Amino acid sequence: MTKNKIYIETYGCQMNLADTEVVLGIMKNKGFELAENAEDSNVILLNTCSVRDNAEQRIYGRLGNLKKIKQKKPYTIIGILGCMAERLKRELIEDKKIVDLVVGPDEYRRLPEFIDDAFSGIKGIGVKLSRTETYDDILPYREEGLSAWLSVMRGCDKFCTFCVVPFTRGRERSRSLNSIVDEIKILSQKGFKEITLLGQNVNSYRDDNNDFADLLAASASVDNSIRIRFTTSHPQDLSDKLLFTIAGHSNICNYIHLPLQSGSNRILELMNRTYTVEHYLALIEKARQIIPGVSFSTDIISGFPTETYEDHVMTLDIMQKVKYDGAYMFKYSPREGTKAYRMEDDVPEEVKAKRLNEIIDLQQQISFEVNQKLIGSIEPVLVEGASKKSNQFLAGKTDTNKVVVFEKTNNIKPGDYVKTKIFRVTSATLFGELIEILPGKNKINLTA
Ligand code: SAH
Ligand code: SF4
Ligand code: F3S
């Protein structure tokens, strides 16, 4: 009998990417093979996102394409995983005839069972949320590579009024520190060089007496040649201890993603973000003192209900004050079930779009300005491979998550750390000249 072949497409945030690897781990254990593309598989799963309406519209569009595959090969199983599965539940199976199974983020252990049922023509729904599931004991299936995502906690208890995540991912819960450290040891043996610890709000991490700073320190101590990153920190409870931990470990990246959402205290309150602009700016200031050279990125929403032009200008003002290295910027999208959904979505679409464009333009200017200051500086880079535009050049990232492009030389390979001197920048890329290879940080023999 030929083996079943599974293909998963992942949408949404890094947590979904990490979950896809957990699902692949579960399915590989059950003897499934992985397919390269949808056409070559007999189980097609979409791991979906609900955070904004356009994320869901993309999935509906994709389901439209998959219909053709199902018409050609009627025995193909099509499943929806992730946040949209959790949000829409039975509705998805009832509305979309081609969907055979709908499984939410806390029920992936049951996927093999649902797939078996689907092969016998029984449609399945598994959307219970759990207070304890962390998939602690499941080794995610990862392609070989340099960078790995690692979920350290699941769910979110913050209930920002615009956000669907607490409803699609359930309550906050943390994985055990030991299991995370064990997984990092495995990643180290496999040659991974960069690990990003993931959670919707990593500052809430807790395992007995260990908080997130303890977890970061323990993670960084496993292998000095692995860079540790993390996301996302909520501005409300980012502790001094965490800042000192970042400062105290050379392999914890000096980079903090700290979503602002809005620069207006009135809007922040309506969003239930639980901090003020003053608190936020003081935190940035403190982080800059404790961690010299730290860089920041952020998330911003334009056009939240009742947002006035003055509120919008306050957001632009904070962006100018902080000078973020980068930002993810969105138009407000009402999500059913959230508190903000009950407020009137009263900022017209064209106003939201105009404000968003102003935010994007400003950020581009700021990124360029921030990068220009780096001309002449020496930046350590983890080499990832050929640059996007030419294989005469290599590309990698700085500690602060910026792309550096530099001329290729034969003795450098992906996974090496090098020092570059920056001579030209754009808002998105730094161009550097190779200064030296940093052997101390490498386990691989560089002269080989
Ligand atoms: N846990 C993270 C964010 C997860 S969602 C945090 O607290 O920062 C990623 C980003 O999507 C959010 O920071 C927010 O900027 C944006 N977002 C979430 N819900 C949204 C909505 N309904 N409309 C527009 N943007 C939204
Ligand atoms: Fe959503 Fe707020 Fe939780 Fe982030 S902290 S996932 S924005 S509810
Ligand atoms: Fe989207 Fe769910 Fe992540 S809604 S952003 S995939 S937690």
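Keeping every protein chain present and rolling a 1.4 Å probe, give me the accessible area per residue for region 50-171 in Å².
On the way: 5720 Å² over 122 residues.
Heavy-atom accessible area per residue stands at 47 Å².
In this structure the amide hydrogen of His257, modeled in the peptide plane, comes within under 5 Å of the amide hydrogens of Ser233, Ser297, none closer than 5 places in sequence on its chain. The alpha-carbon of Lys388 sits under 16 angstrom from the alpha-carbons of these lysines, leaving out residues fewer than 8 places away in its chain: Lys397, Lys402, Lys408, Lys413.
For region 75-193, what is the convex hull (Cα atoms) projected area averaged across all directions, in square nanometres? Kindly include the intermediate steps, with their values, before the conclusion.
Working: hull surface 36.4 nm².
Computed as one quarter of the Cα hull surface, the answer is 9.1 nm².
Rounded, prolate or oblate: pick one for region 343-397, where a ≥ b ≥ c are the square roots of the eigenvalues of its C-alpha gyration tensor, a/c under 1.5 means rounded, and failing that, prolate if a/b is larger than b/c, else oblate. Because a/c hits 1.5 or more and a/b exceeds b/c, region 343-397 counts as prolate.
Where does the longest stretch of the chain lie that holds no GluC sites (Glu not before Pro) found in a DSSP loop with 10 or fewer other Cβ atoms within 10 Å? The longest uninterrupted stretch comes out as 145-343. Accessible surface area normalised per residue over region 378-445 is 53 Å², counting heavy atoms of protein chains with a 1.4 Å rolling probe.
With contacts defined as alpha carbon pairs under 8 Å and 6 or more residues apart, what's the relative contact order of the chain in percent?
Working: 887 pairs, mean separation 43.4, N = 448.
Computed value for the chain: 10 percent relative contact order.
Accessible surface of Val51, taken over heavy atoms with a 1.4 Å probe and every protein chain present, rounds to 50 Å². When every alpha-carbon pair in region 5-126 is counted, what percent end up more than 24 Å apart? Tail fraction, whole percent: 16.
Convex hull over the Cα atoms of region 378-445, averaged projected area in nm²?
Numbers: hull surface 17.0 nm².
Mean shadow area of the hull around the Cα atoms is 4.3 nm².
Past the 30 Å Cα-Cα mark, which pairs from Lys28/Lys241; Lys190/Lys419; Lys30/Lys89; Lys3/Lys68; Lys241/Lys339; Lys3/Lys97? Distance filter (> 30 Å) returns Lys28/Lys241; Lys241/Lys339. What region 217-310 shows is 34 Å² of accessible area per residue, with the surface traced by a 1.4 Å probe over protein heavy atoms.
Given an 8 Å cut-off on Cα distances and at least 6 residues of separation, report the relative contact order of region 147-372 as a percent.
On the way: 384 pairs, mean separation 40.4, N = 226.
The normalised contact order for region 147-372 reaches 18 percent.
Computed on region 1-92, with alpha-carbon pairs under 8 angstrom and 6+ residues apart, the relative contact order is 33 percent.
Take region 218-345, drop everything but the C-alpha atoms, weight them equally and run the Debye formula without solvent; then report log10 I(q)/I(0) at 0.13, 0.20 Å⁻¹ to two decimals. The Cα Debye sum returns log10 ratios of -0.59, -1.12. The residue list Val103, Tyr328, Val43 was ranked by how far each Cα lies along the charge dipole of the chain toward its positive end, using unit charges on Cβ atoms, and Val43 comes out on top.
How about region 149-231: which trypsin sites (Lys or Arg not before Pro) there lie in a loop by DSSP and see at most 14 other Cβ atoms within 10 Å?
Numbers: sites: Arg154, Lys158, Arg169, Arg171, Arg173, Arg175, Lys185, Lys190, Lys193, Arg206, Arg227, Arg229; in loops: Lys158, Arg171, Arg175, Lys190, Lys193.
Loop-located and lightly packed - Arg171, Lys190.
When only the Cβ of Lys, Arg, Asp and Glu is charged (+1, +1, -1, -1), the dipole of region 1-112 relative to its Cα centre reaches about 400 debye. Debye-formula intensities of region 204-258, expressed as log10 I(q)/I(0) at q = 0.16 Å⁻¹, are -0.44 (one equal scatterer per alpha-carbon, no solvent).
Could you check how much of the accessible area of region 378-445 is carbon and sulfur, as a whole percent, using a 1.4 Å probe?
Carbon and sulfur together cover 52 percent of it.
Solvent-free Debye calculation, one equal scatterer per alpha-carbon of the chain: log10 I(q)/I(0) at 0.12, 0.14 Å⁻¹ equals -1.15, -1.46. For region 147-372, dividing the convex hull volume of the Cα atoms by the residue count gives 123 Å³ per residue. In region 75-138, the portion of solvent-accessible area held by carbon and sulfur atoms comes to 48 percent [1.4 Å probe, whole percent, DNA, RNA and ligands not counted]. Under the shape rule built on the C-alpha gyration tensor, where the axes satisfy a ≥ b ≥ c, region 108-147 is oblate, since a/c reaches at least 1.5 while a/b does not exceed b/c.
The values are calculated or read from the model by the stated rules, or taken from the named source; none is laboratory data. Remember, predicted model here, so these are calculated numbers, not experimental data. Note: ideal-geometry Cβ built from the backbone for every residue, glycine included; neighbour counts use all protein chains shown. Each accessible area value is taken on the protein alone, full model and side chains, heavy atoms only, with ligands, DNA and RNA left out. Shrake-Rupley method; radii C 1.70, N 1.55, O 1.52, S 1.80 Å.
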